[in-house]
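To start, the structure under review is shown below, and the notes come after it.
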Amino acid sequence: MDDLIKQYDIIWENYIQGQQKYFSEKWDMPLEYIKNNIWDLNWKKILDLWCWDGHDIAYFESYLNGDFFWIDSSEFMINQAKNNIKNPLNLHLWNFENMPFENDSFDVVYAKFAFNYLSDFELLYKEVVRVLKKWWLFLFIHHHPLNDFMKKEQKLYFQKQKLTVWLFSGVNITYFTHIFSEIISPAFLKNFNLLDFHEDSRWENVNPRYIAIKSVKS
């Protein structure tokens with residue numbers, strides 16, 4: 001995972017500029033899905049896995065009074081987020097396979113396009129189970145396995161590959177491909193009750209770009 005995270009130390013400025021321009025002209029549907037599929041979060045304790053530059057944090061802070069915490073593995077992204085959010089002391093430079101929080105700390109854990117940099121989901125699920133309160137929400141957005149499969153040079157569904165794709169304006173990122181059985185894995189089903197599974201399908205005859213999974217810790 002570390003080598004994939006380090007790419008943001010190089011492209012972070014172009015990434016942030018591209019993201020800001022892109023979402024100034026388009027609707028952020030994954031973020032809207034998260035907003036529409038969480039319970040009343042006022043005065044709840046919420047953990048965002050992967051803060052980026054604070055784009056999503058500022059969005060939620062604008063209408064919620066929750067107690068927010070964030071982690072990111074990129075020091076550049078952490079420093080940028082500090083300029084954009086209300087409580088920079090709640091930002092942590094850490095990875096989500098080994099988080100600096102006590103057991104049963106959070107009412108909600110969510111992430112948007114963060115887990116594609118993992119080679120394995122098992123440590124992630126173990127940590128989310130540890131820090132999330134029982135019967136509370138775990139919600140995340142992930143690249144659609146079918147979309148990633150269509151981008152593979154070798155069309156081998158079960159083979160893990162690194163993809164390099166164009167993102168925003170002139171920014172390339174590299175991440176791991178995953179299949180459905182890695183995401184909805186035995187470890188996931190053992191620890192979470194699935195409430196909703198959503199596939200992006202805005203345009204006909206176009207591969208869905210992401211999946212959204214809403215669950216509670218069992």
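Taken together, the values in this text are just the output of simple stated rules run on the coordinates, not laboratory data. Because the structure is predicted, anything quoted here is derived from the model rather than measured. No Cβ is skipped: glycine too gets one built from the backbone with ideal geometry, and neighbour counts run over all protein chains shown.
Quick notes on this one:
- For the peptides 152-162, 85-95, the ranking by packing is 85-95, 152-162, with the highest mean count of neighbouring Cβ atoms within 10 Å listed first.
- Taking 0.36 nm per residue of separation and subtracting the Cα-Cα distance, full extension of the segment from Glu122 to Ala58 would add 20.1 nm.
- Global form of the chain, assessed from the alpha-carbon gyration tensor, a/c cut-off 1.5: rounded
- Estimated FRET transfer efficiency when R0 is 41 angstrom, pair Thr164-Val216 (beta carbons, to 0.05): 0.70
- Rounded if a/c under 1.5, otherwise prolate or oblate - region 129-207, Cα gyration tensor axes: prolate
- Computed packing ranks the peptides 182-190, 108-116 as 108-116, 182-190, most packed first, by mean other Cβ atoms within 10 Å.
- Separation in nanometres of the label points that stand 7 Å from Cα toward Cβ, at Ile10 and His198: 3.5
- Over 24 Å apart at the Cα level, from the set Lys152/Lys190; Lys44/Lys214; Lys26/Lys152; Lys21/Lys155; Lys21/Lys44, are Lys152/Lys190; Lys26/Lys152; Lys21/Lys155; Lys21/Lys44.
- For GluC sites (Glu not before Pro), no site in region 1-89 is both called loop by DSSP and has at most 16 other Cβ atoms within 10 Å.
- Here region 115-218 is treated with +1 on each Lys and Arg Cβ and -1 on each Asp and Glu Cβ, and its dipole about the Cα centre works out to around 300 debye.
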